[in-house]
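I have placed the structure first, in the form of structure tokens, so that the comments after it can refer back to it.
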Amino acid sequence: MQWTKTGWLALAAGAALLGIACSQGADEASQGIPLSPAAEGQQLYDSVCTACHNLNPSAAGGLGPPIAGSSEALLESKVLRGEYPPGYTPKRESHAMIPLPYLKDKIPALAAYLASVQAGS
Ligand code: HEC
């Protein structure tokens, strides 16, 4: 009797551990384990924006201008809609950047990253 109870407990604990391990694996596969907004923004910047902007956001890239320190309002208009906030003077007159509306939930993360590099930290 006693053995069976212990056996069940061990089995339950094992299953719980397995569950944790699996969910962590899934997180790692998609985004990496809990990232700070700036770190998530950096991942996005490095994988998406550097197609045209410099890996160093403070420098001009192959196509895009430096964008370190870009405000959330600017990022929202430019990245999601290809527009600029009212009264903003664009760094370039071109319209070569395609809007990337699928990033709509990621603007704060991008802004956090671009603010952190602006501050030099
Ligand atoms: C297809 C190339 C390309 C990609 C990809 C791209 N950009 Fe751009 N970006 C540009 C170009 C070129 C400009 C200059 C204006 C124009 O031609 O649209 C620009 C301008 C900007 C501006 C306005 C700068 C200013 O102050 O005038 C911001 C902000 C910006 N990009 C952010 C981003 C972010 C964030 C990403 C990634 C999520 C990104 N861009 C991805 C090419 C690109």
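Of all residues in the stretch 38-79, which are assigned to a loop (DSSP other than H, G, I, E, B) and within 10 Å of the chain's Cα centre (by Cα)?
Going residue by residue through the stretch 38-79, those that are assigned to a loop (DSSP other than H, G, I, E, B) are 48, 52-71.
Answer for the stretch 38-79, where residues must be assigned to a loop (DSSP other than H, G, I, E, B) and within 10 Å of the chain's Cα centre (by Cα): just V48.
Every test in (1) surrounded by fewer than 16 Cβ atoms within 10 Å (Cβ to Cβ); (2) near the ligand (Cβ under 10 Å from one of its atoms) is passed by K106 save one, and that test is (1). Residue count for the stretch 89-103 satisfying the condition of being more than 7 Å from the ligand (Cβ to nearest atom), out of contact with any helix residue (DSSP H, G or I) (no Cβ under 6 Å at 6 or more places or on another chain) and in a loop (DSSP other than H, G, I, E, B): 2. Cβ separations smaller than 9 Å between residues 6+ apart or across chains give no pair from the stretch 69-96 residues that are outside the structural domain of P108 (by TED's automatic domain parsing) to residues that are assigned to a loop (DSSP other than H, G, I, E, B) and loosely packed, with under 13 Cβ neighbours inside 10 Å. Name the residue that is surrounded by the fewest Cβ atoms within 10 Å (Cβ to Cβ), counting only residues in the stretch 59-73 that are more than 20 Å from I107 (Cβ to Cβ) and touching a Cys at 6+ places or on another chain (Cβ under 9 Å). Residue satisfying both the conditions and the ranking: G62.
The values are calculated or read from the model by the stated rules, or taken from the named source; none is laboratory data. Model, not experiment: these values are computed from the prediction. Here the Cβ is made from the backbone with ideal geometry for all residues, glycine too, and neighbour counts use every protein chain on show.
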